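Let me begin by presenting the structure, written as structure tokens, before commenting on it.
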Amino acid sequence: MAIRVYNSLSRVKEDFKPLHEGWVGIYVCGPTVYDWTHLGHARTYVAFDAIIRWLEYRGYRVFYVQNITDVGHLTEAGEDKVVGRALRERVEPMALVEFYMREYFRDMDALGVRRPDISPRATGHIIDMIEAIKQLIEKGYAYEVDGNVFFDVSKFTDYGKLSRVRIEEMIAGARIDVHPGKRDPRDFALWKKASIDYPLKWVSPWGYGFPGWHIECTVMAMKYLGEQIDIHGGAVDLIFPHHENEIAQAEALTGRKPFVKYWMHTGLLTVNGEKMAKSLGNYIRVRDILEKYSPAAVRLFILSAHYRSTLDYREEKLNEAESNMKRLMNSLARIEEAKIEKASDKPASSEERQILSELYRLSNSFDESMDDDFNTAEALSFLFEISRTINKLVDLPSINKPILNEAESILKSKLRILGLPDTPPRREASSKLVEALIDIIIDIRNEARRRKDYATADEIRRRLALIGVKLEDLPGKTIWRIEGGY
RNA sequence: GCCGGGGUGGCUGAGAGGCGUAGGCGGCGGGCUGCAGACCCGCAUCACAGGGGUUCGAAUCCCCUCCCCGGCUCCA
């Protein structure tokens with residue numbers, strides 16, 4: 001069955017057919033590395049990570065490019081974000097970039113986001129950008145004014161096709177930067193002039209300067225993925241002007257349309273219903289949230305809503321995600337325990353066969369949800385049902401070994417696809433020695449229970465819980481688990 | 001003003017004409033338990049913003065109204 005993808009350009013779900021059979025080129029707009037990674041970034045990159053994992057699961061060879069913006073991204077006041085921050089902190093701009101870029105990767109690694117195949121930096125592609133700008137001037141789509149180069153929006157008739165911004169109405173917008181040299185207020189900068197003492201500048205045919213923000217993505221996307229690419233993604237707030245301008249630049253440059261076959265946009269993250277904004281003081285850094293919640297829970301929280309809908313951050317939801325994660329890990333742990341204690345070579349009973357076919361049905365439903373525009377929220381509902389069905393299976397007194405293995409591989413495969421841990425914490429966090437020690441403690445406690453010395457038994461359980469070891473008394477035996485740790 | 005996205009049971013959050021009254025959390029009841037937890041089963045006046053319409057059938061399509069959020073050269 002074909003994957004369906006919602007295309008922001010057409011505003012409908014389309015059957016996914018890459019430009020080249022079996023190969024998918026995807027470009028996602030990366031962060032401007034002048035500050036800490038926040039939860040909004042995480043939302044977008046976790047979502048695309050799940051999308052890419054699914055495409056690969058469906059047999060595509062995926063080539064993933066995500067840029068690192070380290071120059072050219074201006075604030076409303078017209079200041080380069082990297083340069084401005086570096087000047088205030090009295091550090092070399094590239095040192096600032098290096099620091100936040102490493103922290104960005106660290107945060108993404110923690111969240112289980114796989115690294116792109118290429119993470120091109122804008123500053124490493126100045127030559128390519130200058131070349132592109134030269135060509136745009138030659139083709140009549142751009143013009144130079146006193147060391148600045150602007151894209152002439154009036155020359156590109158398709159302008160506005162992605163954002164549906166009506167070019168005539170833009171003039172009414174109050175926030176348009178009216179650079180004195182612009183022929184038209186709607187034109188945007190490809191190259192910005194820099195003074196001789198400016199810290200981040202390059203030589204160009206138009207003198208010292210630095211590139212505009214939009215041209216970097218166009219140039220790097222085309223350099224590594226070709227003149228036409230399958231998927232280009234980012235959050236919805238990039239649709240205008242960033243992606244609109246990218247289309248204008250790319251299609252003006254190559255004359256080939258469309259530049260991007262499928263535009264995919266993730267919804268924004270809000271905090272307690274409000275937009276996350278520095279001015280509101282409600283920025284949530286990834287590193288801060290990871291001090292309170294496990295990476296897997298943060299990831300599960302993100303995937304619990306569809307990637308296109310607005311995701312509202314609230315403490316309760318993270319707590320919920322945390323307990324949901326435990327629920328999934330419990331199933332996994334129970335399978336492992338069952339493999340050791342209940343696996344049987346006897347032929348499967350009709351009840352076991354019924355459970356297995358139920359698992360297959362749920363597994364297919366999961367896949368169908370993911371095929372339908374990567375609906376992780378719906379897929380998760382089937383994952384929880386898989387978990388519950390498995391719990392029923394492992395409650396049986398003895399279990400057919402192949403069925404048990406099959407159940408385990410279904411659960412693990414779904415977890416991996418979503419980028420969630422597929423190993424219960426016990427294995428990771430313990431050693432043979434620890435396991436043996438805990439077994440001794442459990443034996444002593446059970447001896448106390450036999451004597452009906454419940455005070456001692458409860459005290460042992462309480463103290464172990466304090467160090468993260470949870471005991472569970474089941475009929476006939478006691479098992480233990482490590483809390484969290486995933 | 002223009003362009004988008006929404007309003008679903010106590011809370012979240014899928015569903016976009018019938019094909020599962022999704023799922024999770026919380027609550028209540030039961031099972032298993034010395035207790036707890038985990039796990040399983042069950043329950044919750046008409047759940048679909050309001051009003052019209054189309055249809056054999058509407059949360060889902062159409063029209064009108066109300067409300068919320070976002071974009072409109074800072075944003076992932």
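The values are calculated or read from the model by the stated rules, or taken from the named source; none is laboratory data. This structure is a prediction, so every number in the text was calculated from the model and none was measured. Note that we place each Cβ from the backbone using ideal geometry, even for glycine, and neighbour counts take in every protein chain shown. Please note that ligands, DNA and RNA were not included when accessible areas were found on the heavy atoms of the full protein model with its side chains. Shrake-Rupley method; radii C 1.70, N 1.55, O 1.52, S 1.80 Å.
Could you grab me the full set of residues in segment A:178-228 that are within 16 Å of RNA strand B (Cβ to nearest atom) and among the small types (Gly, Ala, Ser)?
Within segment A:178-228, A:Gly181, A:Ala189, A:Gly212, A:Ala221 qualify.
Please find, among A:Ser369, A:Ser431, the residue that is away from RNA strand B (no atom under 14 Å from the Cβ) and on the phi < 0 side of the Ramachandran plot.
A:Ser431
Which pairs have Cβ atoms under 9 Å, sit 6 or more apart or on different chains, and link a residue in segment A:124-143 that is on the phi > 0 side of the Ramachandran plot to one that is open to solvent by 50 Å² or more (accessible area, probe 1.4 Å)?
Matching pairs, first to second residue: A:Gly140/A:Lys155.
Would you check if A:Gly181 is surrounded by fewer than 19 Cβ atoms within 10 Å (Cβ to Cβ) and at pLDDT below 85?
So A:Gly181 passes the test.
Would a scan of segment A:54-75 turn up a residue that is assigned by TED's automatic domain parsing to the domain that holds A:Tyr198, over 23 Å from A:Met222 (Cα atoms) and hydrophobic (A, V, I, L, M, F, W, C)? Give the derivation first.
First, the residues of segment A:54-75 that are assigned by TED's automatic domain parsing to the domain that holds A:Tyr198: A:54-75.
In the following step, the residues that additionally are over 23 Å from A:Met222 (Cα atoms) were identified as A:54, A:57-59, A:75.
In the following step, the residues that additionally are hydrophobic (A, V, I, L, M, F, W, C) were identified as A:54.
Checking segment A:54-75: at least one residue is assigned by TED's automatic domain parsing to the domain that holds A:Tyr198, over 23 Å from A:Met222 (Cα atoms) and hydrophobic (A, V, I, L, M, F, W, C).
Exactly one of (1) surrounded by 23 or more Cβ atoms within 10 Å (Cβ to Cβ); (2) in a helix (DSSP H, G or I) is unmet by A:Trp54. Its number?
Failing condition for A:Trp54: (1).
Name the single residue, out of those in segment A:94-108 being in contact with a helix residue (DSSP H, G or I) (Cβ under 9 Å, 6 or more places away or on another chain) and among the acidic types (Asp, Glu), that is nearest to A:Lys81 (Cα to Cα).
Result: A:Glu103.
Is it true that some residue in segment A:373-389 is more than 19 Å from A:Ala296 (Cβ to Cβ), open to solvent by less than 40 Å² (accessible area, probe 1.4 Å), within 15 Å of RNA strand B (Cβ to nearest atom) and aliphatic (A, V, I, L, M)?
Checking segment A:373-389: not a single residue is more than 19 Å from A:Ala296 (Cβ to Cβ), open to solvent by less than 40 Å² (accessible area, probe 1.4 Å), within 15 Å of RNA strand B (Cβ to nearest atom) and aliphatic (A, V, I, L, M).
Any residue in segment A:18-26 that is of a type in the set (Phe, Trp, Tyr) and either buried (at least 23 other Cβ atoms within 10 Å of the Cβ) or within 16 Å of RNA strand B (Cβ to nearest atom) (or both)?
No: segment A:18-26 contains no residue that is of a type in the set (Phe, Trp, Tyr) and either buried (at least 23 other Cβ atoms within 10 Å of the Cβ) or within 16 Å of RNA strand B (Cβ to nearest atom) (or both).
For segment A:215-242, give me each residue that is outside any strand (DSSP E or B) and of a type in the set (Asp, Glu).
A:Glu216, A:Glu227, A:Asp237
Looking at this structure, is A:Ile386 touching a residue at least 12 places away in the same chain (Cβ under 8 Å) and in contact with a Lys or Arg (Cβ under 7 Å, 6 or more places away or on another chain)?
Working: touching a residue at least 12 places away in the same chain (Cβ under 8 Å): yes; in contact with a Lys or Arg (Cβ under 7 Å, 6 or more places away or on another chain): yes.
Criteria met by A:Ile386.
Being among the charged types (D, E, K, R) and surrounded by fewer than 20 Cβ atoms within 10 Å (Cβ to Cβ) is the filter; apply it to segment A:57-80 and report the residue that is farthest from RNA strand B (Cβ to nearest atom).
Out of the qualifying residues, it is A:Arg61.
Output the number of the condition that A:Tyr313 fails; it satisfies all remaining conditions of (1) surrounded by 14 or more Cβ atoms within 10 Å (Cβ to Cβ); (2) over 30 Å from A:Tyr283 (Cα atoms); (3) within 10 Å of RNA strand B (Cβ to nearest atom).
Every listed condition holds for A:Tyr313 apart from (2).
For segment A:186-217, give me each residue that is in contact with a helix residue (DSSP H, G or I) (Cβ under 8 Å, 6 or more places away or on another chain) and either free of Cβ contacts under 8 Å to residues at least 12 places away in the same chain or over 28 Å from A:Tyr27 (Cα atoms) (or both).
Once the filter is applied, which keeps residues that are in contact with a helix residue (DSSP H, G or I) (Cβ under 8 Å, 6 or more places away or on another chain) and either free of Cβ contacts under 8 Å to residues at least 12 places away in the same chain or over 28 Å from A:Tyr27 (Cα atoms) (or both), segment A:186-217 yields A:Tyr198, A:Pro199, A:Pro205.
Give A:Lys392, A:Lys401 a once-over and let me know the one that is farther than 30 Å from A:Glu14 by Cβ, of a type in the set (Lys, Arg), within 9 Å of RNA strand B (Cβ to nearest atom) and out of contact with any Lys or Arg (no Cβ under 7 Å at 6 or more places or on another chain).
Being farther than 30 Å from A:Glu14 by Cβ, of a type in the set (Lys, Arg), within 9 Å of RNA strand B (Cβ to nearest atom) and out of contact with any Lys or Arg (no Cβ under 7 Å at 6 or more places or on another chain) holds for just one of A:Lys392, A:Lys401, which is A:Lys392.
Return the total of residues in segment A:229-267 being polar (S, T, N, Q), more than 9 Å from RNA strand B (Cβ to nearest atom) and crowded, with 18+ Cβ neighbours inside 10 Å.
Number satisfying all stated conditions: 1.
Take the residues of segment A:432-486 that are aromatic (Phe, Trp, Tyr) and modelled with pLDDT under 90: which is farthest from A:Glu341 (Cα to Cα)?
Ranking the candidates gives A:Tyr486 first.
Would you mind telling me which numbered condition in (1) within 7 Å of RNA strand B (Cβ to nearest atom); (2) of a type outside the set (S, T, N, Q); (3) open to solvent by 10 Å² or more (accessible area, probe 1.4 Å) A:Arg353 fails?
With respect to (1) within 7 Å of RNA strand B (Cβ to nearest atom); (2) of a type outside the set (S, T, N, Q); (3) open to solvent by 10 Å² or more (accessible area, probe 1.4 Å), A:Arg353 is out only on (1).
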